[in-house]
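One structure is given below, encoded as structure tokens.
The values are calculated or read from the model by the stated rules, or taken from the named source; none is laboratory data. Keep in mind that what you see is a predicted model, and the values were worked out from it rather than measured. Cβ atoms come from the backbone with ideal geometry, glycine included; neighbour counts cover every protein chain shown.
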Amino acid sequence: MAKTYDAIVVGSGISGGWAAKELTQKGLDVLLLERGKNVEHIKDYVNARKAPWEYPHRGGRTYAMEEAYPVLKRDYPLNEKNLDWWASDRDSPYTEIKRFDWYRGYQVGGRSLLWGRHSYRLGDLDFEANARDGVAVDWPIRYADLAPWYSHVERHAGIAGSVEGMPQYPDGEFMPPIPLNCAEELVAERVRGEFGGKRRIVHARVANITRPLPGRAPCQYRNACWLGCPYGASFSSQSSTLPAAMATNRLTLKPWSIVTELVYNKDTQRVSGVRVLDAVSETTTEYNAKIVFLCASTLNSAWLLMRSATDVCRRVSVPAPVSWAVISWTTIFVLALRAASTIRLSTTSTTSAAGPPASTFRVIETWNGRIATTCAGLATRAARIAKAGGVPCRSWVSARNSRTRCPGPATGRSARPHSARCCRTRITA
């Protein structure tokens, strides 16, 4: 008999970790499924403290690696230091009509172990751009709607940065910034003087803590975040959200669990659970839940929907410039909420003293790592909405590809990850 949980989260990366944290802290018993191996915090960071001379090729790449990883070799990620954390191009191939760099991390923590940690808020200039320029579809929200959730995420994750008071660079709740070095200070001073303060070099906002948080020590400036941070200074599922979820004793984590489809009833239009293939034993198991969160990355989440909920997907109208990836995030959370009927909660309050004020729930699509903020809000609201059995959800589509600042499938390429280095500066006008 399939075991039943209050909620199932598919994928343990940045968005999955946040979903697990928010749902368990709201009193739900959560099953977190990960298709790849387990990576334990600190214990499994086997290369975190190695020096270059301790690697066979000084931490670089070889011709054999480039042959085995034809996609990963296109950019910085291919090296022998953390190769185990990147999905194999041979074992997981895909067809490219146009060049599309798809860098995947199939392990507990996903690419939260590998991301560049640059963390910026979208502001009014971003949310109003479509309406102002007369292109595509207007955002259904504004910065004021999302600002409390940005703060909610920043307080827990720990974002280092400086308050600048610039509308194009919205401020947040920051830890002290990583100090500029002497060369950066000199250049910043000269740029400010040369342009009369209209151009300046400022600190980047990065998810590297500069003050201690529970279970986490400040950044040691080692430039090795992408090998796993044994100090917990670099934000990842392992260092931040999963420990918080585990502390509730309401989280069950299952690695090596490949979700092959959603168990979906087209008559009731409800998802009752997921079907899982054990990657080790090759046995299939069903798990039931009233809420299902797909956090398996945009393309793999869309793949699951296309295998499972085709009747729902057919009813989605896709305007010409809009990518399927954007539609998938909207559909994911609509399905997650429709799956709920009644659910046990530890609190019936609609406003949490520790979190942002409740507001009308809207599904939004995010880009370049900003899903963490969205997922925290979605998970919290999903738990509350589930209790009422309703779906006060305004689904929408953003025409990401019409925005020149955001590379997407229209260009034939995915948005590349930020540099793995601890970048400290950002030049802005």
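Structural remarks
- Failed item in (1) buried (at least 18 other Cβ atoms within 10 Å of the Cβ); (2) assigned by TED's automatic domain parsing to the domain that holds Asn300, with Ser119 passing the rest: (2)
- Ala233 in contact with a Cys (Cβ under 9 Å, 6 or more places away or on another chain) and crowded, with 16+ Cβ neighbours inside 10 Å: yes
- Checking each residue of the stretch 294-303 against the condition of being free of Cβ contacts under 8 Å to residues at least 12 places away in the same chain and closer than 24 Å to Ile14 by Cβ gives at least one match.
- Restricting the stretch 70-104 to residues that are in a loop (DSSP other than H, G, I, E, B) and of a type in the set (A, V, I, L, M, F, W, C), the residue that is nearest to Glu40 (Cα to Cα) is Trp86.
- Gln220 being free of Cβ contacts under 8 Å to residues at least 60 places away in the same chain and among the polar types (S, T, N, Q): yes
- Inter-residue pairs, beta-carbon under 6 Å, first under 9 Å from His203 (Cα atoms) and at pLDDT 95 or above and in the stretch 160-179, second assigned to a loop (DSSP other than H, G, I, E, B) and of a type in the set (S, T, N, Q), 6+ apart: Ala160/Thr210; Pro177/Ser162
- Residues of the stretch 229-258 satisfying the condition of being part of a helix (DSSP H, G or I) and among the β-branched types (Val, Ile, Thr): Thr241
- Every pair of residues 6+ apart whose Cβ atoms lie under 7 Å, when the first sits in the stretch 33-51 and is part of a strand (DSSP E or B) while the second is charged (D, E, K, R): Leu33/Lys254
- Residue list for the stretch 237-267, filter: without any contact (Cβ under 8 Å) to a residue 40 or more places away in the chain, in contact with a helix residue (DSSP H, G or I) (Cβ under 9 Å, 6 or more places away or on another chain) and farther than 18 Å from Phe293 by Cβ: Ala247, Asn249
- Residue ID - surrounded by the most Cβ atoms within 10 Å (Cβ to Cβ), chosen from residues in the stretch 69-80 that are aliphatic (A, V, I, L, M) and either in contact with a Pro (Cβ under 7 Å, 6 or more places away or on another chain) or in contact (Cβ under 8 Å) with a residue 24 or more places away in the chain (or both): Leu72
- Residues satisfying the stated conditions in the stretch 253-277, i.e. in contact with a Leu (Cβ under 9 Å, 6 or more places away or on another chain), surrounded by fewer than 21 Cβ atoms within 10 Å (Cβ to Cβ) and closer than 17 Å to Gly110 by Cα: Leu253, Lys254, Pro255, Ile258
- A search for C-beta distances below 6 Å between a residue of the stretch 110-139 that is within 28 Å of Ser162 (Cβ to Cβ) and any residue that is among the β-branched types (Val, Ile, Thr) and buried (at least 21 other Cβ atoms within 10 Å of the Cβ), counting only pairs 6+ apart in sequence or on different chains, returns Ser112/Ile14; Arg117/Val206; His118/Val206; Ser119/Ile159.
- Conditions (1) in contact (Cβ under 8 Å) with a residue 60 or more places away in the chain; (2) within 23 Å of the chain's Cα centre (by Cα); number of the one not met by Arg270: (2)
- Of all residues in the stretch 25-55, those satisfying the criterion of being surrounded by fewer than 23 Cβ atoms within 10 Å (Cβ to Cβ) and aliphatic (A, V, I, L, M) are Ile42, Val46, Ala48, Ala51.
- Some residue of the stretch 56-68 being among the aromatic types (Phe, Trp, Tyr) and surrounded by 13 or more Cβ atoms within 10 Å (Cβ to Cβ): no
Let's see how each residue does on (1) more than 18 Å from Gly17 (Cβ to Cβ); (2) of a type outside the set (D, E, K, R):
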{"residue": "Pro77", "(1), (2)": "yes, yes"}
{"residue": "Trp85", "(1), (2)": "no, yes"}
{"residue": "Asp91", "(1), (2)": "yes, no"}
{"residue": "Tyr94", "(1), (2)": "yes, yes"}
{"residue": "Arg99", "(1), (2)": "yes, no"}
{"residue": "Gln107", "(1), (2)": "no, yes"}
{"residue": "Arg111", "(1), (2)": "no, no"}
{"residue": "Arg117", "(1), (2)": "no, no"}
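Let's see how each residue does on (1) modelled with pLDDT of 95 or more; (2) under 20 Å from Tyr106 (Cβ atoms); (3) in a loop (DSSP other than H, G, I, E, B):
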{"position": "Thr285", "(1), (2), (3)": "yes, yes, no"}
{"position": "Leu299", "(1), (2), (3)": "no, yes, no"}
{"position": "Leu304", "(1), (2), (3)": "no, yes, no"}
{"position": "Arg307", "(1), (2), (3)": "no, yes, no"}
{"position": "Val312", "(1), (2), (3)": "no, no, no"}
{"position": "Val318", "(1), (2), (3)": "no, no, yes"}
